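The values are calculated or read from the model by the stated rules, or taken from the named source; none is laboratory data. Keep in mind that what you see is a predicted model, and the values were worked out from it rather than measured. We place every Cβ from the backbone using ideal geometry, glycine too, and count neighbours over all the protein chains shown. Remember, those area values only see protein heavy atoms, side chains included, never the ligands or the DNA or RNA. Shrake-Rupley method; radii C 1.70, N 1.55, O 1.52, S 1.80 Å.
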Amino acid sequence: QVEFVASGGGLVEPGGSLRLSCAASGFIFSIYRMGWYRQAPGKERELVARTTSGGSMYYVDSVKGRFTISRDNAKNTVYLQMNSLKPEDTAVYFCNKYPPILESWGQGTQVTVSS
């Protein structure tokens, strides 16, 4: 079945960086658009960034210039490099197809930005 395993989260101070990874399985990764999503406490899950199979990228305005999404089709993995982190970036981060498979979110990885 389709599975997404996100990793790389942690506690970081404002201005710091983290690199998230997400290993995907159960489908032909290389032909699908992939996205990173996040859900902050008390808020709905939102799309943060997405990439096409060819590497074109989209970012939500709040992360433009700070986050970079990339993918390695040979490893069935999508990455999110997060720089200049802000407290408002605190959330659980998930990867999924774009548009997402609603029953395949996985556990995500917690990112906490705090001093």
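Is one or more of the residues making up the stretch 97-104 in contact with a Phe, Trp or Tyr (Cβ under 8 Å, 6 or more places away or on another chain), open to solvent by less than 30 Å² (accessible area, probe 1.4 Å) and charged (D, E, K, R)?
Yes, the stretch 97-104 contains at least one residue that is in contact with a Phe, Trp or Tyr (Cβ under 8 Å, 6 or more places away or on another chain), open to solvent by less than 30 Å² (accessible area, probe 1.4 Å) and charged (D, E, K, R).
From the list THR51, THR68, exactly one residue is over 19 Å from VAL113 (Cα atoms), of a type in the set (S, T, N, Q) and out of contact with any Asp or Glu (no Cβ under 7 Å at 6 or more places or on another chain). Which is it?
So the residue among THR51, THR68 that is over 19 Å from VAL113 (Cα atoms), of a type in the set (S, T, N, Q) and out of contact with any Asp or Glu (no Cβ under 7 Å at 6 or more places or on another chain) is THR51.
Looking at ALA91, ALA74, which is the one that is among the hydrophobic types (A, V, I, L, M, F, W, C) and free of Cβ contacts under 8 Å to residues at least 24 places away in the same chain?
Criteria check complete, one pass: ALA74.
Inside the stretch 2-85, counting only strands (runs of 3 or more DSSP E) that do not spill past its ends, which hold 2 or more residues that are among the aromatic types (Phe, Trp, Tyr) and open to solvent by less than 50 Å² (accessible area, probe 1.4 Å)?
Counting at least 2 such residues, we get 34-39.
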